[in-house]
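What follows is one structure encoded as structure tokens, with my remarks underneath.
The values are calculated or read from the model by the stated rules, or taken from the named source; none is laboratory data. These numbers come from a predicted model, not from an experiment. All Cβ positions, glycine included, derive from the backbone under ideal geometry; neighbour counts span all protein chains shown.
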Amino acid sequence: MSIEIKNLTKCFDGVKAVNNLSLEFLPGQITGIIGPNGSGKSTLVNLLTGVIPFDRGLVLLGSDTKLSKLAAYDVAEYGITRTFQDARLFEQMTVLDNILVVLTERNLFSAFFERHKKFHLDEAEKLLTQVGLWEKRQALTANLSYGQRKLLEVARTLAMKSEIYFFDEPFAGLFSEMIKIVSGVLVELKKTDKTVVLVEHNMDLIRELSDTVVVLDAGELLTVGRPEEVLSRKEVVEAYLGE
């Protein structure tokens, strides 16, 4: 399912963090979003996942859903999910239970006491194996390393079975083996025709993974295109790399 924005705008104290932005993110593609600090990357993700409201503009999902507002409690129903720069997990639950909460009831209290079916346990095993955490399934989440916590959040995101995935700097602070795992997750989502949006500072990963690159600067679209074209443009080098 595609997600398109038209004239999306968000101001903070008179400063336009996102200014009249129009873009389309397509299924079966990984769209990389880059730009200098303060360019509006994370603000855009927050707007499109209901974390903060936009001031004006439209969000179009697929061919038949047009939204003038989007709340966080609605995004799952619309098939949208995301990761955060700082993993948001249930600290006092096990790694396995963090996945089972998502696979069963969305309500935390109900999920904790629900009798987990073999299907849920099998699916949890598959997801945790995919991110290399199955052996940690009984560990308390609070005791995981930084990298393991990010991998667990990726697994929780996959458990949502969504159509549109936003990854906000998922590689930050990860070792090379963990980077390979997360890269593999994004590629698999692309292969299954999901819409994947990646905010990332590592240009090597942007080149490797992205089908399309969007460059933001001061909340506005600087340019968009294929990685090899975009990353060689003078205006991108000047704005993003400071050269």
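So how many residues does the range 177-229 have that are out of contact with any Phe, Trp or Tyr (no Cβ under 9 Å at 6 or more places or on another chain) and part of a strand (DSSP E or B)? Counting residues in the range 177-229 that are out of contact with any Phe, Trp or Tyr (no Cβ under 9 Å at 6 or more places or on another chain) and part of a strand (DSSP E or B) gives 7. Against the definition (of a type in the set (A, V, I, L, M), modelled with pLDDT of 90 or more and either over 16 Å from residue 214 (Cβ atoms) or not assigned by TED's automatic domain parsing to the domain that holds residue 205 (or both)), how does residue 45 come out, yes or no? So residue 45 fails the test.
Taking (1) modelled with pLDDT of 95 or more; (2) closer than 24 Å to residue 167 by Cβ; (3) of a type outside the set (Phe, Trp, Tyr) in turn, residue 140 satisfies each apart from (2). In the condition set (1) charged (D, E, K, R); (2) without any contact (Cβ under 8 Å) to a residue 12 or more places away in the chain; (3) within 17 Å of residue 81 (Cβ to Cβ), residue 135 is compliant with all but (3). The residue that is surrounded by the most Cβ atoms within 10 Å (Cβ to Cβ), among those in the range 60-106 that are without any contact (Cβ under 8 Å) to a residue 40 or more places away in the chain and touching a Pro at 6+ places or on another chain (Cβ under 9 Å), is 70.
Within the range 6-52, the set of residues being in a helix (DSSP H, G or I) and either among the β-branched types (Val, Ile, Thr) or over 13 Å from the mean Cα position of the chain (by Cα) (or both) comprises 43, 45. Criterion applied to 64, 55 was being acidic (Asp, Glu), assigned by TED's automatic domain parsing to the domain that holds residue 192 and within 21 Å of residue 219 (Cα to Cα), and the one residue passing it is 55. For the range 24-39, state whether one or more residues are at positive phi and modelled with pLDDT of 95 or more. Yes, that holds for at least one residue. For the range 14-29, residues that are surrounded by fewer than 17 Cβ atoms within 10 Å (Cβ to Cβ) and touching a Phe, Trp or Tyr at 6+ places or on another chain (Cβ under 8 Å) total 0. If residue 193 satisfies every condition in (1) farther than 27 Å from residue 216 by Cβ; (2) more than 15 Å from the chain's Cα centre (by Cα) but one, which is the exception? Result: residue 193 fails condition (1) only. Right, residue 173: of a type outside the set (Ser, Thr, Tyr), buried (at least 20 other Cβ atoms within 10 Å of the Cβ) and on the phi > 0 side of the Ramachandran plot or not? It is false that residue 173 is of a type outside the set (Ser, Thr, Tyr), buried (at least 20 other Cβ atoms within 10 Å of the Cβ) and on the phi > 0 side of the Ramachandran plot. Suppose the filter is modelled with pLDDT of 95 or more and buried (at least 22 other Cβ atoms within 10 Å of the Cβ); does residue 183 pass it? In short, no. Among the residues of the range 56-91, the ones that are part of a strand (DSSP E or B) and over 16 Å from residue 157 (Cβ atoms) come to 9 in all. Does residue 195 satisfy the criteria of being within 19 Å of residue 44 (Cβ to Cβ), among the polar types (S, T, N, Q), outside the structural domain of residue 95 (by TED's automatic domain parsing) and at pLDDT 95 or above? Against the criterion (within 19 Å of residue 44 (Cβ to Cβ), among the polar types (S, T, N, Q), outside the structural domain of residue 95 (by TED's automatic domain parsing) and at pLDDT 95 or above), residue 195 qualifies. Against the test of being surrounded by 17 or more Cβ atoms within 10 Å (Cβ to Cβ), free of Cβ contacts under 8 Å to residues at least 60 places away in the same chain and under 22 Å from residue 212 (Cβ atoms), the options 50, 57, 32, 40 yield a single qualifying residue, 57.
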